[in-house]
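One structure is given below, encoded as structure tokens.
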Number of protein chains: 2
Amino acid sequence: MRALTVIPGEPHSGSLTEVPEPLPGEGSLLVQTIAIGICGTDIEIVEGRYGSAPQGRKHLILGHESIGRVLDAPAGSGFAADDLVVGVVRRPDPVPCSYCAAGEWDMCRNGLYTERGIKGLDGYGAERFRLEPAFAVKVDDELGDLGVLIEPTSVVAKAWGHVDWIGRRSSAWSPESVLITGAGPIGLLAALMGRQRGLAVHIFDRVRSGPKPQLAQDLGASYHGGDLSAVAHLSPDIIIECTGATAVMADVMTRTAPSGIVCLAGVSSGGQPINLDLGDVNRRMVLENRVVFGSVNGNRAHYEAGAAALARADRTWLSRLITRLVPLAKWQQALTREPDDVKVIIEF
Amino acid sequence: MRALTVIPGEPHSGSLTEVPEPLPGEGSLLVQTIAIGICGTDIEIVEGRYGSAPQGRKHLILGHESIGRVLDAPAGSGFAADDLVVGVVRRPDPVPCSYCAAGEWDMCRNGLYTERGIKGLDGYGAERFRLEPAFAVKVDDELGDLGVLIEPTSVVAKAWGHVDWIGRRSSAWSPESVLITGAGPIGLLAALMGRQRGLAVHIFDRVRSGPKPQLAQDLGASYHGGDLSAVAHLSPDIIIECTGATAVMADVMTRTAPSGIVCLAGVSSGGQPINLDLGDVNRRMVLENRVVFGSVNGNRAHYEAGAAALARADRTWLSRLITRLVPLAKWQQALTREPDDVKVIIEF
């Protein structure tokens, strides 16, 4: 079968190659791949800046945002042939830490977790893959192939779940507004879940044209394009930072209303020193009870919460998040950013 | 009666002066002051860098860490003559925000709160003061004059309360260790509450001698004196930052174990730009689910939690936190830092 492989750490090593069929030991469900979604992490891996191959191997099969159809499922697995499924990305440590043992592998404390398509385990970017039922999430037929958005939505569902929890440190927490920085797929899906919570949603992104402003407007959100001065008048209760840009992070750390919460959901590269008045950041965080927290990945509960959020969303709006469909043979196009990209999908 | 007054914003304006007796409108409890504790905020106010006088007035009576004995209490107030009491510092907005209305004035969202001895209300640094019963906390006779530590302990009780709450965002949160940076009164009281939680407690402070190392040791905590390299080997679950120093803040933001929590409880001055690799901070916060939050002040519940923590503590150890007792006539000595100071008290 064909698979999209890469040699982690080696730039330009991505290729579409023949690989053996997945082994039964990789999971009792055999799944025919429909599509994979591409995100910034895939691009980092293809550029040789992230990722690791399975132990003892040189190549890694790429792809962690999945959608596929079950070809074969054992009786009693809870799955049957023709079910649409998505694979969970992260797996607990072989010797689980206390978090992994509790099913919260997204919070893993010892860093020994693995991730399909990213860290030590082959991904879903092959014509067929195998899944353990415990790491397979059933997709509603009505959502169909848009289920490929469940993995990024799981990331957002976790971020919102932690915002909700942390907010309840005060019995009077009753947020009215959220600012999302970055109108990529994570940002727009965070905005969707913000609207579903009944919040006033503001979206900031550096672009002023293309599909993003309209996607925001059709969600009932306010769109602010350009530089950070576009949001200088806002002091929302919540900020979900999805750009990973250090200048944006520096700005949002103290931009909320007092007692506000900032979730960092976008990953920066290191090696970006900036000059920051950390004394002022401290003073405003302390005197106004601000919280800044990072959030990565999701566990099974977050995939289910993400699937539920997508099921409640307008499917036409969701389908417009997918701005390019690239056939497998032209996979390289999917890994090159274009200005109007939101979510790019490789079709198998 | 004599009172310690200052003209906020005007350095060197502190003086011991005759002022009128407190007016009945300031509260139905009349209290004879036993002592006030001095903290960094008092020094900032006396240096003209913080604080505001009551509306329409030039002078502010200093003092927010109080202990006094009730002289007169109305029937049904819950208090009686001879009760030992401490006054709560912060008062809700005149037109309460949602937090103030819920009794969580420590989380006030609109900044219109007032604070006895700090912001818009006279403090407790007079021979007598008045208190509303709702803002008076009864002190156990066994704790006695050590009740002057209740106010700083309320700050610490809130910090710990928020750490506990935020930690429970994960069902597997089961912290084992805490690092306290700064062995002043707030740091040592935070260490006390860490020990009461059964945690391994590490205390960092730049000093290597004086009373702090022994106070830490007698609490069963590990003391690390010198520069930050002294704690470079630690990755605790929790950090409570009590120095307000930007170099320490920069260090601790990513020093916890993954999924760890940093509470900023020390206030910096602004205007301290440093060169910081914020990209690296972001990456480590996101990929390892770290939380950094600021915490200020306490509401009534935190005073009660603080009083309960002090009631469980060894009173000899607590009394050793008070390293200088200064008579009122020599109040200026109390507002000048000395190398071995932990808590300095002015006796009335």
In segment A:89-106, the residues that are touching a residue at least 12 places away in the same chain (Cβ under 8 Å) and within 14 Å of another protein chain (Cβ to nearest Cβ): A:Val89, A:Arg90, A:Pro92, A:Asp93, A:Cys97, A:Cys100, A:Gly103, A:Glu104, A:Trp105, A:Asp106
For A:Gln332: the one exception among (1) touching a residue at least 24 places away in the same chain (Cβ under 8 Å); (2) closer than 23 Å to A:Ile238 by Cα: (2)
Criterion (out of contact with any Pro (no Cβ under 6 Å at 6 or more places or on another chain) and more than 7 Å from chain B (Cβ to nearest Cβ)) met by exactly one of A:Ala250, A:Ala257, A:Ala245: A:Ala245
task: Within segment B:325-341, identify whether any single residue is surrounded by 21 or more Cβ atoms within 10 Å (Cβ to Cβ), under 15 Å from B:Ile186 (Cβ atoms) and in the same structural domain as B:Ser15 (by TED's automatic domain parsing), and answer yes or no.
output: no
field: Among (1) more than 14 Å from chain A (Cβ to nearest Cβ); (2) in a helix (DSSP H, G or I); (3) among the basic types (Lys, Arg); (4) in contact with a strand residue (DSSP E or B) (Cβ under 8 Å, 6 or more places away or on another chain) - the single one B:Lys330 does not satisfy
entry: (4)
- request: With respect to A:Gly68, determine if the residue is out of contact with any Asp or Glu (no Cβ under 9 Å at 6 or more places or on another chain), assigned by TED's automatic domain parsing to the domain that holds A:Arg130 and outside any loop (DSSP other than H, G, I, E, B).
  value: yes
field: Checking A:Gly271 against (1) touching a strand residue (DSSP E or B) at 6+ places or on another chain (Cβ under 9 Å); (2) in a loop (DSSP other than H, G, I, E, B); (3) within 30 Å of B:Ala265 (Cβ to Cβ), the condition it does not meet
entry: (3)
field: Count of segment B:246-287 residues which are aliphatic (A, V, I, L, M), without any contact (Cβ under 8 Å) to a residue 40 or more places away in the chain and within 21 Å of A:Glu104 (Cα to Cα)
entry: 5
Within segment A:40-58, tally of residues that are crowded, with 19+ Cβ neighbours inside 10 Å and assigned to a loop (DSSP other than H, G, I, E, B): 2
- prompt: Which condition number does A:Ser98 fail, the rest of (1) within 25 Å of A:Leu149 (Cα to Cα); (2) at pLDDT below 95 being met?
  reply: (1)
- line: Being of a type in the set (Ser, Thr, Tyr), surrounded by fewer than 22 Cβ atoms within 10 Å (Cβ to Cβ) and away from chain B (no Cβ under 11 Å) narrows A:Ser235, A:Ser229 down to just A:Ser229
message: Quick check on segment B:207-216. Is at least one of its residues buried (at least 24 other Cβ atoms within 10 Å of the Cβ), in contact with a Cys (Cβ under 7 Å, 6 or more places away or on another chain) and aliphatic (A, V, I, L, M)?
response: no
- prompt: Applying the selection to segment A:26-71, what residues are of a type in the set (Gly, Ala, Ser) and in contact (Cβ under 8 Å) with a residue 24 or more places away in the chain?
  reply: A:Gly27, A:Ser28, A:Ala35, A:Gly37, A:Gly40, A:Gly48, A:Gly51, A:Ser52, A:Ala53, A:Gly63, A:Ser66, A:Gly68
- prompt: Restricting to segment A:270-327, what's the tally of residues that are more than 7 Å from chain B (Cβ to nearest Cβ) and not acidic (Asp, Glu)?
  reply: 31
message: Among the numbered criteria (1) surrounded by fewer than 23 Cβ atoms within 10 Å (Cβ to Cβ); (2) within 14 Å of another protein chain (Cβ to nearest Cβ); (3) part of a helix (DSSP H, G or I); (4) in contact (Cβ under 8 Å) with a residue 24 or more places away in the chain, which one does B:Asp145 miss?
response: (2)
field: Which listed residue is within 11 Å of another protein chain (Cβ to nearest Cβ) and under 17 Å from A:His302 (Cβ atoms), from A:Val86, A:Val163, A:Val156
entry: A:Val163
task: Would you please name the residue that is nearest to the other protein chains (Cβ to nearest Cβ), looking only at residues in segment B:166-189 that are touching a strand residue (DSSP E or B) at 6+ places or on another chain (Cβ under 8 Å), within 20 Å of B:Asp341 (Cβ to Cβ) and in a helix (DSSP H, G or I)?
output: B:Gly187
message: I'd like the full set of residues that are of a type outside the set (Gly, Ala, Ser), surrounded by fewer than 21 Cβ atoms within 10 Å (Cβ to Cβ) and within 12 Å of chain A (Cβ to nearest Cβ), limited to segment B:110-137.
response: B:Asn110, B:Leu112, B:Glu115
query: Exactly one of (1) assigned to a strand (DSSP E or B); (2) under 30 Å from A:Tyr113 (Cβ atoms); (3) not polar (S, T, N, Q) is unmet by A:Leu325. Its number?
result: (2)
field: Candidates B:Ala247, B:Ala308, B:Ala265 - the one that is within 17 Å of the chain's Cα centre (by Cα) and surrounded by fewer than 18 Cβ atoms within 10 Å (Cβ to Cβ)
entry: B:Ala308
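The values are calculated or read from the model by the stated rules, or taken from the named source; none is laboratory data. Because the structure is predicted, anything quoted here is derived from the model rather than measured. All Cβ positions, even for glycine, are placed from backbone atoms using ideal geometry, and neighbour counts span all protein chains on display.
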